[in-house]
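The values are calculated or read from the model by the stated rules, or taken from the named source; none is laboratory data. Small disclaimer: the values here were computed from a predicted structure and weren't measured. Neighbour counts run over all protein chains shown; Cβ positions are idealised from the backbone, glycine included. SASA here: full protein model, heavy atoms, side chains in, ligands and nucleic acids out. Shrake-Rupley method; radii C 1.70, N 1.55, O 1.52, S 1.80 Å.
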Amino acid sequence: RPRMPDTPRVSDCGLLVEEARTNWIRNNAMAGASEGTPGELPTHWRVTLPEGCAGRVVETGTLDGIDYVDIGVAGEARGGAFAVAFEAAGAIPAGAAQAMTATGNEIEAATVNLAPERFERAHVVMPETPVGTTSLVPHLAAAQDWAGAVDFVVRIGWPQLELGTCPTSPIRTAGAKATRDADHIVADIAVAAPCTI
């Protein structure tokens, strides 16, 4: 869920305290997206479709405070891949031996008439970028060669790419990368007598 500034977030594991992080995906707020056939993808995004299929932007909106876009694909597939890239090639600089975490909110493929109930957050950690890495292109892809009748919709909300070994809470972006400041814990403690902390 979105995190409000200067508001502690407490779960059954205790108080969440996070370091500063930057979301390198410039547009996870879906700016520029519009519904239609094909419609318009969010600015900087692009889609790869299986051969013989057409894509469309089915819906844009907000669910549980998270901006989303529904991307539909339909047709008679004759091979090829389905992928959604959230940035252009070369837009996110990177070097070798960096740890990167890619996170995003998506609802697994379902029929168009099936109303989504909630987001599921998925993440992938790349422990070390390979030698020779100069940039990254975060994307969502279905790892299969498509063949036959295809008709599905994927909902994507707030994709995120950050430098680090674990995912942090969502960072919303709307045209430029965004950085969330580190959390600082401040507490006033009243002590009635000398003590050691």
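Observations on the structure shown:
- Listed by position, the strands (runs of 3 or more DSSP E) contained in region 1-90 that have at least 2 residues being among the aliphatic types (A, V, I, L, M) are 53-63, 66-78, 82-85.
- Residues satisfying the stated conditions in region 167-180, i.e. open to solvent by 100 Å² or more (accessible area, probe 1.4 Å) and touching a Pro at 6+ places or on another chain (Cβ under 9 Å): R172
- Note on region 149-166: residues that are under 30 Å from L16 (Cβ atoms) and either open to solvent by 80 Å² or more (accessible area, probe 1.4 Å) or of a type in the set (S, T, Y) (or both) total 2.
- Given (1) within 30 Å of H184 (Cα to Cα); (2) surrounded by 16 or more Cβ atoms within 10 Å (Cβ to Cβ), number of the condition D64 does not satisfy: (2)
- Hits in region 23-32 - residues which are in contact (Cβ under 8 Å) with a residue 24 or more places away in the chain and either over 14 Å from the mean Cα position of the chain (by Cα) or open to solvent by 30 Å² or more (accessible area, probe 1.4 Å) (or both): W24, R26, A31
- Residue, nearest to R26 (Cα to Cα), within region 120-148, restricted to residues that are part of a strand (DSSP E or B) and open to solvent by 90 Å² or more (accessible area, probe 1.4 Å): H139
- Some residue of region 182-195 being surrounded by 20 or more Cβ atoms within 10 Å (Cβ to Cβ) and over 20 Å from H44 (Cβ atoms): no
- Among the residues of this structure, A115 counts as one that is modelled with pLDDT under 80, under 22 Å from G65 (Cα atoms) and either in contact with an Asp or Glu (Cβ under 8 Å, 6 or more places away or on another chain) or not acidic (D, E) (or both).
- When region 84-102 is filtered for residues that are under 19 Å from G32 (Cα atoms) and open to solvent by less than 20 Å² (accessible area, probe 1.4 Å), the ones remaining, listed by number, are V84, A85, F86, E87.
Per-residue answers, yes or no, for (1) at pLDDT 95 or above; (2) closer than 15 Å to H139 by Cα; (3) under 14 Å from the mean Cα position of the chain (by Cα):
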| position | (1), (2), (3) |
| --- | --- |
| A20 | no, no, no |
| G39 | yes, no, no |
| L49 | yes, yes, no |
| C53 | yes, no, no |
| R56 | yes, no, no |
| T60 | yes, no, no |
